[in-house]
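Taken together, the values in this text are just the output of simple stated rules run on the coordinates, not laboratory data. Treat the numbers as computed from the prediction; the structure is a model and nothing was measured. Because the Cβ atoms are built from the backbone with ideal geometry, glycine has one as well, and the counts that use them run over all protein chains shown.
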Amino acid sequence: MKSTWQLQEAKNRLSELVKLALHQGHQTITRHGEPAVVVVAFRDFQRWRRRQGSLVEFLQKSPLQGVELDLRRDKSPPRKVAL
């Protein structure tokens with residue numbers, strides 16, 4: 001069904017908008033023709049916001065863990081550029 005609402009329409013039909021967000025998924029509200037906000041069911045918001053772990057944990061699980069990287073910097077002089 002409907003998933004994008006103009007702001008004025010969203011204000012006038014808020015109950016319907018909330019019902020659709022609960023049963024059919026997120027609803028986008030536009031302002032001046034541009035997406036402005038999204039209405040989502042609270043359970044979905046909690047799921048999306050749940051922390052997935054730290055950056056360190058993510059890197060430790062990487063399939064590239066243990067790969068040796070050459071991090072030496074090229075010391076060549078820069079090329080000349082006409083400005």
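Listed values, structure above:
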{"quantity": "Segments classed as helices (runs of 4 or more DSSP H), wholly inside region 1-67, with at least 3 members that are among the hydrophobic types (A, V, I, L, M, F, W, C)", "calculated": "14-24, 42-49, 55-60"}
{"quantity": "Positions within region 10-33 being of a type in the set (A, V, I, L, M) and in contact with a strand residue (DSSP E or B) (Cβ under 6 Å, 6 or more places away or on another chain), in sequence order", "calculated": "Ala10, Leu17, Leu20, Ala21, Ile29"}
{"quantity": "Residue among Gln52, Gln65, Gln27 that alone is free of Cβ contacts under 8 Å to residues at least 40 places away in the same chain, on the phi < 0 side of the Ramachandran plot and surrounded by 10 or more Cβ atoms within 10 Å (Cβ to Cβ)", "calculated": "Gln27"}
